[in-house]
Amino acid sequence: MKEKIIEIENIVKNYRVGTQVVRALRSVSIDIYKGEYVAIMGASGSGKSTLMNILGCLDTPTSGKYVLNGKDVSRLTDDSLAEIRNSEIGFVFQVFNLLPRNTALENVMLPLVYAGVKKAERKEMAEKTLHEVGLADRMEHRPNELSGGQRQRVAIARALINKPALLLADEPTGNLDSKISEEIMKLFADIHRKGNTLVMVTHEEDIARHAHRIIRLKDGEVESDIINENPVY
């Protein structure tokens with residue numbers, strides 16, 4: 001029997017803007033299983049970014065239940081959520097979020113510093129992960145010495161370094177041209193084949209087609225949830 005890694009049940013998220021209440025998510029229920037590769041799609045205002053923030057423990061729902069890897073994280077404190085983010089979730093963002101003064105190696109090592117891993121072990125793990133994403137020859141380069149695609153590979157290596165239960169990618173090709181985007185998506189396919197669970201938010205149809213399952217949101221609700229029978233790669 002497949003094991004669930006994400007179980008969200010009747011998730012509602014409301015925001016107050018002045019005197020108005022914006023209903024960003026309206027009773028969303030989704031199960032995602034270990035080893036799945038899922039794309040979440042939707043137009044601006046559909047609720048996909050709000051859902052990503054909740055899945056990534058960057059925000060909490062107004063109501064409803066969110067179980068991540070067997071733990072109910074719906075009502076945890078900020079400190080507990082931060083601990084979950086560092087140990088259970090790897091993030092890949094559109095804007096890379098690399099420290100400009102640090103080398104690729106130092107950027108990838110950073111989550112291990114917070115995790116209390118010793119320096120020699122941090123270095124060994126980071127070197128291995130950079131090698132896996134094809135950057136063995138760029139470890140000592142700073143972000144401004146790397147191409148956009150290389151910077152995103154550093155960000156992916158940093159997201160993978162703690163061996164997270166879940167990899168979340170938010171518009172991961174948004175700042176890349178089509179050729180480099182294809183290279184990054186091929187890397188994601190390799191990461192998925194190794195058994196990682198991948199959830200990606202995108203508004204681009206050609207990027208979503210790489211996923212094995214596509215969930216579409218509209219007006220804060222799940223519009224469709226389909227298996228992609230012919231994923232790219």
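The values are calculated or read from the model by the stated rules, or taken from the named source; none is laboratory data. Here the structure is a predicted model, which is why all the values come from computation and not from measurement. Don't worry about glycine lacking a Cβ; one is built from the backbone with ideal geometry, like all the others, and counts go over all protein chains shown.
Here are a few things to note about the model shown:
- Close pairs from the stretch 188-200: first under 11 Å from Y233 (Cα atoms), partner β-branched (V, I, T) and surrounded by fewer than 17 Cβ atoms within 10 Å (Cβ to Cβ), Cβ under 9 Å, at least 6 apart: A189/V232
- Take the conditions (1) free of Cβ contacts under 8 Å to residues at least 60 places away in the same chain; (2) surrounded by 21 or more Cβ atoms within 10 Å (Cβ to Cβ); Y15 misses just one of them, which is (2).
- Only one of the listed residues (H210, H141, H192) is in a loop (DSSP other than H, G, I, E, B) and within 30 Å of K13 (Cβ to Cβ). That residue is H210.
- Some residue of the stretch 67-88 being at pLDDT 95 or above, basic (K, R) and either surrounded by fewer than 18 Cβ atoms within 10 Å (Cβ to Cβ) or in contact with a helix residue (DSSP H, G or I) (Cβ under 6 Å, 6 or more places away or on another chain) (or both): no
- Here R216 fulfils each of the conditions (1) basic (K, R); (2) over 20 Å from G56 (Cβ atoms); (3) in a strand (DSSP E or B) apart from (2).
- Hits in the stretch 124-137 - residues which are touching a residue at least 12 places away in the same chain (Cβ under 8 Å) and either surrounded by 19 or more Cβ atoms within 10 Å (Cβ to Cβ) or over 12 Å from A104 (Cβ atoms) (or both): M125, A126, T129, L130, E132, V133, L135
- Taking the listed residues L51, L130, the one that is over 30 Å from R23 (Cβ atoms) and at pLDDT 90 or above is L130, with no other qualifying.
- Criterion: in a strand (DSSP E or B), in contact (Cβ under 8 Å) with a residue 24 or more places away in the chain and within 16 Å of L168 (Cα to Cα) - qualifying residue of I5, I84: I5
- Of all the listed residues (E183, E229), the sole one being over 22 Å from C57 (Cα atoms), not in a helix (DSSP H, G or I) and not small (G, A, S) is E229.
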